[in-house]
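The values are calculated or read from the model by the stated rules, or taken from the named source; none is laboratory data. These figures come from a predicted structure and were not determined experimentally. Don't worry about glycine lacking a Cβ; one is built from the backbone with ideal geometry, like all the others, and counts go over all protein chains shown. Surface accessibility is based on the protein's heavy atoms, side chains included, excluding ligands, DNA and RNA. Shrake-Rupley method; radii C 1.70, N 1.55, O 1.52, S 1.80 Å.
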Amino acid sequence: MVVSSFGKALNCQRSTFLPRAVNLIVSCTNRKRFVGPPETAVRGIGGASLAERLKLWKTNLRTVAITEYFAADLYMGDHWSVVRSIPAEAEQSGLKVHTWICSAGYGLIGPTTPIKPYRATFTRGETDYVGSGLPDENSALDRWWRGVCSYRFQKHTGEPRTISALAATFPRTPMVVALSADYLKAVTPEMEGVLESLYFREHLTIVSCGTQRDHPVWRENLLPCDASLAGTLGGALTSLNARVVRRLFQSLNQREPTVQAFAEAATAIGRGNSPVVVPRVSKTDSDIAKFIQRHLSQVPACSKTVLLREFRGQGQACEQKRFGKIYSKVRMEIDLNA
């Protein structure tokens, strides 16, 4: 069963040449409207090696009997809100933007790809980091990415499942890749292959605020973007890449969407000098206790430090000492009822 309210708004085009079209690749987001079972969260599947964990992950995605949702309806939060607004905003510049999602759980997917609620990320230090607890191999992220991109949906979608396949399907359509540093690292080997094409060397633009520009693969394609843009564009740092892309599309003014044109537009965005403050929403003790109970039911051994980082990562505020007291109380109640 697939549930959707986003519907046909972002259906993918199938032709190999799309005048004034742009393929936009964005990161997925940890925030989801529905919570899946432990079997579809990296923290809950174990695995003594990356290969074993990947095999368990793909098996669980295939066999766990839960409702599927179109990706565009499952994701939520500030980042995804900005992403959803981009196609309509870009139309003012004469562009037709087709959105694709770099998902740590499923690989490359479209907004109308049916997926199950899941928890997986390429961001190091997060609870559901795909390499958590495993030897830190340099190729771990790339190997996981290639593995999830090979996942076979029960119903064939006909969509490209890798960035390479996307480039091959639309060989004359500009591409904008807006990913965080960890997600960009996961797809770097694929990007290297795509950038062998002369067309994409001029028409594949990378937006990754804070990523170093001296990388041999993307140094000519990465735009000059960093956290100083947040003062002008507003919002949380987690959505900054998407906000930069939205501004770039708004500023293109009928120009050809090349790396050069986007670089000039990025340079024109004002930079702020003051430190960026990420606002967090304060929660009640009851809300915090429910958050802790929910996560401990999935991972009983999860520490208060990890849970506080997860809590704050969702844009919520709690002082460390207060969180520790609530955690200890919830842990005691769980032990007494065991």
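Selection of the stretch 89-103 for residues being part of a loop (DSSP other than H, G, I, E, B) and aliphatic (A, V, I, L, M) yields only L95. Taking every residue in the stretch 325-338 that is over 15 Å from V306 (Cβ atoms) and pairing it with any residue that is of a type in the set (S, T, Y), at least 6 positions away or on another chain, the pairs with Cβ-Cβ distances below 9 Å are I334/S297. Looking at G125, G107, G94 in this structure, which one is at positive phi and modelled with pLDDT of 95 or more? After ruling out the rest, the residue left standing is G107.
In the set (1) modelled with pLDDT under 50; (2) open to solvent by 60 Å² or more (accessible area, probe 1.4 Å); (3) aromatic (F, W, Y), the condition left unmet by F34 is number (1). Among the criteria (1) at pLDDT 85 or above; (2) crowded, with 16+ Cβ neighbours inside 10 Å; (3) under 22 Å from the mean Cα position of the chain (by Cα); (4) not small (G, A, S), the one R219 does not fulfil is (2). Annotation: of all residues in the stretch 104-130 being part of a loop (DSSP other than H, G, I, E, B) and open to solvent by 10 Å² or more (accessible area, probe 1.4 Å), the one that is farthest from T157 (Cα to Cα) is G125. Return yes when K55 is of a type in the set (K, R) and over 25 Å from T169 (Cβ atoms) and no when it is not. Considered against the rule, which asks whether it is of a type in the set (K, R) and over 25 Å from T169 (Cβ atoms), K55 comes out as yes. Looking only at residues of the stretch 88-103 that are open to solvent by 20 Å² or more (accessible area, probe 1.4 Å) and not small (G, A, S), we find that the one that is farthest from A165 (Cα to Cα) is Q92. Checked against the criterion of being out of contact with any helix residue (DSSP H, G or I) (no Cβ under 6 Å at 6 or more places or on another chain), open to solvent by less than 50 Å² (accessible area, probe 1.4 Å) and over 24 Å from T121 (Cα atoms), the stretch 175-196 has no qualifying residue.
Candidates in the stretch 222-241 are the residues that are assigned to a loop (DSSP other than H, G, I, E, B) and in contact (Cβ under 8 Å) with a residue 60 or more places away in the chain; of these, the one that is most open to solvent (accessible area, probe 1.4 Å) is G235.
Looking only at the stretch 137-144, decide whether some residue is open to solvent by less than 40 Å² (accessible area, probe 1.4 Å), of a type in the set (F, W, Y) and touching a Ser or Thr at 6+ places or on another chain (Cβ under 7 Å). Outline the logic, then answer.
Of all residues in the stretch 137-144, those open to solvent by less than 40 Å² (accessible area, probe 1.4 Å) come to 140-142, 144.
Next cut, of a type in the set (F, W, Y) only: 144.
Next, only the ones that are touching a Ser or Thr at 6+ places or on another chain (Cβ under 7 Å) stay: none.
Within the stretch 137-144, not a single residue is open to solvent by less than 40 Å² (accessible area, probe 1.4 Å), of a type in the set (F, W, Y) and touching a Ser or Thr at 6+ places or on another chain (Cβ under 7 Å).
For residues that are small (G, A, S) and modelled with pLDDT of 90 or more, scanning just the stretch 58-87, find the one that is surrounded by the fewest Cβ atoms within 10 Å (Cβ to Cβ). Explain how you work it out, then say what you get.
Just the residues of the stretch 58-87 that are small (G, A, S), to begin with: 65, 71-72, 77, 81, 85.
Applying the additional criterion that residues be modelled with pLDDT of 90 or more yields 65, 71-72, 81, 85.
Details: A65: 6, A71: 25, A72: 22, S81: 14, S85: 13.
Per the stated criteria, the residue is A65.
Filtering F6, F17 for residues that are in a loop (DSSP other than H, G, I, E, B), hydrophobic (A, V, I, L, M, F, W, C), under 20 Å from the mean Cα position of the chain (by Cα) and at pLDDT below 50 leaves a single hit, F6. Across the stretch 312-330, not a single residue is classified as modelled with pLDDT under 85, open to solvent by less than 20 Å² (accessible area, probe 1.4 Å), within 16 Å of A41 (Cα to Cα) and not basic (K, R).
Does A168 meet the test of being of a type in the set (A, V, I, L, M), open to solvent by 10 Å² or more (accessible area, probe 1.4 Å) and either within 18 Å of S27 (Cα to Cα) or in a helix (DSSP H, G or I) (or both)?
On the way: of a type in the set (A, V, I, L, M): yes; open to solvent by 10 Å² or more (accessible area, probe 1.4 Å): yes; either within 18 Å of S27 (Cα to Cα) or in a helix (DSSP H, G or I) (or both): yes.
Taking the combined requirement at face value, the residue satisfies it.
Rundown of residues vs (1) in contact (Cβ under 8 Å) with a residue 40 or more places away in the chain; (2) closer than 30 Å to G235 by Cβ, yes/no style:
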{"site": "E39", "(1), (2)": "no, no"}
{"site": "R43", "(1), (2)": "yes, yes"}
{"site": "I66", "(1), (2)": "yes, no"}
{"site": "Y69", "(1), (2)": "yes, yes"}
{"site": "A88", "(1), (2)": "no, yes"}
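G193 passes every criterion in (1) touching a strand residue (DSSP E or B) at 6+ places or on another chain (Cβ under 9 Å); (2) part of a helix (DSSP H, G or I) apart from (1).
Mind telling me which of the residues T205, T188, T211, T173 ends up being part of a loop (DSSP other than H, G, I, E, B), among the hydroxyl-bearing types (S, T, Y) and more than 19 Å from I109 (Cβ to Cβ)?
Values: T205 fails: part of a loop (DSSP other than H, G, I, E, B); T188 fails: part of a loop (DSSP other than H, G, I, E, B); T173 fails: more than 19 Å from I109 (Cβ to Cβ).
Step by step, each of T205, T188, T211, T173 is checked, and only T211 is part of a loop (DSSP other than H, G, I, E, B), among the hydroxyl-bearing types (S, T, Y) and more than 19 Å from I109 (Cβ to Cβ).
Against the list (1) under 18 Å from the mean Cα position of the chain (by Cα); (2) open to solvent by 10 Å² or more (accessible area, probe 1.4 Å); (3) free of Cβ contacts under 8 Å to residues at least 40 places away in the same chain, the condition D214 fails is (1).
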